[in-house]
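Taking it in order: structure first as structure tokens, then the write-up.
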Amino acid sequence: MKRRDFLKLLLCSSLAMKAEAREIINKGVLLKKEARYYQKNAGNSVGCRLCPRQCDIPAGSTGFCRARRNTGGTLYSLGYAAPCAIHVDPIEKKPFFNYLPQSRSFSIASAGCNLRCKFCQNWDISQASPAETMNYAMQPADLVMTALNKGCRSIAFTYTEPSTYFEYMLDTAKIARSKGLLNVYHSNGYIRQEPLRELCTVLDAANIDLKGFTPEYYRSMCEADLEPVLETLKTLKKSGVWLELTNLVIPGQNDDLVTIRRMADWIRQNLGAETPLHFSRFFPLYKLTHITPTPVSTLEKARETARKAGLKYVYIGNLPGHAGNNTYCPKCAKLVVKRSGFSVLEKHLAGSACAYCGYKLHGRWG
């Protein structure tokens with residue numbers, strides 16, 4: 001089957017046709033794309049230098065993320081041109097609430113992650129190798145063409161951890177930018193500074209999961225460290241990438257209001273009061289099925305705490321219809337964007353300004 005015919009199948013709405021498209025995707029048939037940011041060691045071992053783990057990988061093995069394999073002393077990125085998830089999403093789903101509202105984002109992921117979050121909602125692909133998932137064979141240029149044909153404003157690297165398919169993301173983003181598409185990603189922020197700075201040259205917006213605000217929480221719940229994530233946030237801000245944060249609030253784990261206040265203070269002092277913060281409701285998933293959903297009152301208290309700390313845009317997610325879904329003018333406090341979940345119901349804007357008082361809102365609104 002020719003590539004253009006495959007893309008037609010992928011984009012069609014018929015369930016039968018989509019099933020046919022899935023018949024021609026690959027399982028474990030992956031390209032060999034040499035990875036960036038690694039060093040060769042003695043005895044055919046390699047040292048991956050992409051994320052803070054800096055895995056030393058023997059020949060024939062993969063790193064902690066399961067997405068980078070040492071074959072004969074050369075490190076390869078397994079997820080290159082092999083996305084396991086492709087969807088057209090509202091940008092609000094990433095979530096971005098202060099960036100291109102009501103626009104569509106062509107969203108992709110390859111399997112793998114360099115964290116082990118016990119609460120992961122996409123664990124079936126994040127905690128797998130690209131060799132274990134059903135993958136579409138799509139080169140960067142194909143992704144960009146498809147995104148344009150679907151009327152998307154941006155390409156989103158999301159669902160798993162985009163840094164594990166760094167090379168694919170970087171090559172796609174370069175082509176996307178040359179064609180007028182914006183590049184956004186939702187990430188855990190667990191990446192070393194050198195590759196992050198290179199990524200920032202083609203990245204327009206980032207939503208980073210700030211999963212908690214104590215080193216103990218990161219170690220026990222994610223098998224990771226907090227400090228590299230904080231450094232990522234500061235680098236993104238300094239690079240001019242539009243930045244939003246998501247904090248999944250888990251009952252009894254990271255819902256302490258004193259810690260949330262410290263987190264909000266840090267955000268204001270290091271990233272700016274204009275940085276949107278999304279408090280997201282937890283639902284029992286993966287290894288935390290014994291924990292109940294986050295009480296609405298807990299989310300409301302977290303939001304009020306962050307607002308009192310001086311943050312201008314604080315949202316509540318995973319709770320459609322709540323007032324915390326909305327954007328309010330930081331100056332006159334009137335509702336300027338009304339949402340229910342990922343849907344925008346009303347906008348009261350004059351360009352990027354509040355239609356009531358003229359205050360220029362932070363972000364990109366058109």
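The values are calculated or read from the model by the stated rules, or taken from the named source; none is laboratory data. Remember, predicted model here, so these are calculated numbers, not experimental data. We place every Cβ from the backbone using ideal geometry, glycine too, and count neighbours over all the protein chains shown.
Which of the residues that make up region 222-261 are buried (at least 17 other Cβ atoms within 10 Å of the Cβ) and either over 23 Å from F157 (Cβ atoms) or free of Cβ contacts under 8 Å to residues at least 24 places away in the same chain (or both)?
Scanning region 222-261 gives L226, V249, I250, Q253, N254, D255, I260.
Can you list the helices (runs of 4 or more DSSP H) found entirely within region 153-222 that contain at least 1 residues being over 16 Å from Y99 (Cβ atoms) and under 10 Å from the mean Cα position of the chain (by Cα)?
Details: elements: 166-178, 193-200, 215-222.
It comes to none.
Using the structure shown, decide if F97 is out of contact with any Lys or Arg (no Cβ under 8 Å at 6 or more places or on another chain), under 22 Å from T275 (Cα atoms) and buried (at least 17 other Cβ atoms within 10 Å of the Cβ).
Values: out of contact with any Lys or Arg (no Cβ under 8 Å at 6 or more places or on another chain): no; under 22 Å from T275 (Cα atoms): yes; buried (at least 17 other Cβ atoms within 10 Å of the Cβ): yes.
It is false that F97 is out of contact with any Lys or Arg (no Cβ under 8 Å at 6 or more places or on another chain), under 22 Å from T275 (Cα atoms) and buried (at least 17 other Cβ atoms within 10 Å of the Cβ).
Does region 74-108 hold any residues that are in contact with a His (Cβ under 9 Å, 6 or more places away or on another chain) and under 24 Å from Y37 (Cβ atoms), and which are they?
Within region 74-108, just I108 meets the criteria.
So, of the residues in region 273-294 that are in contact with a strand residue (DSSP E or B) (Cβ under 9 Å, 6 or more places away or on another chain) and part of a loop (DSSP other than H, G, I, E, B), which turns out to be surrounded by the most Cβ atoms within 10 Å (Cβ to Cβ)? Walk me through it before giving the result.
Narrowing region 273-294 to residues in contact with a strand residue (DSSP E or B) (Cβ under 9 Å, 6 or more places away or on another chain): 275-282, 293-294.
Cutting the leftovers down to part of a loop (DSSP other than H, G, I, E, B) gives us 275-276, 282, 293-294.
Working: T275: 22, P276: 24, F282: 22, P293: 14, T294: 22.
It comes out as P276.
Restricting to region 337-350, what's the tally of residues that are in contact (Cβ under 8 Å) with a residue 12 or more places away in the chain and farther than 14 Å from Q102 by Cα? I'd like the intermediate steps shown before the answer.
Here is the first cut: in region 337-350, the residues in contact (Cβ under 8 Å) with a residue 12 or more places away in the chain are 337-344, 347-349.
Still in the list and also farther than 14 Å from Q102 by Cα: none.
The qualifying residues number 0.
Suppose we keep only residues that are outside any strand (DSSP E or B) and under 18 Å from R104 (Cα atoms) within region 322-357. Which one would you say is modelled with the highest pLDDT?
F342
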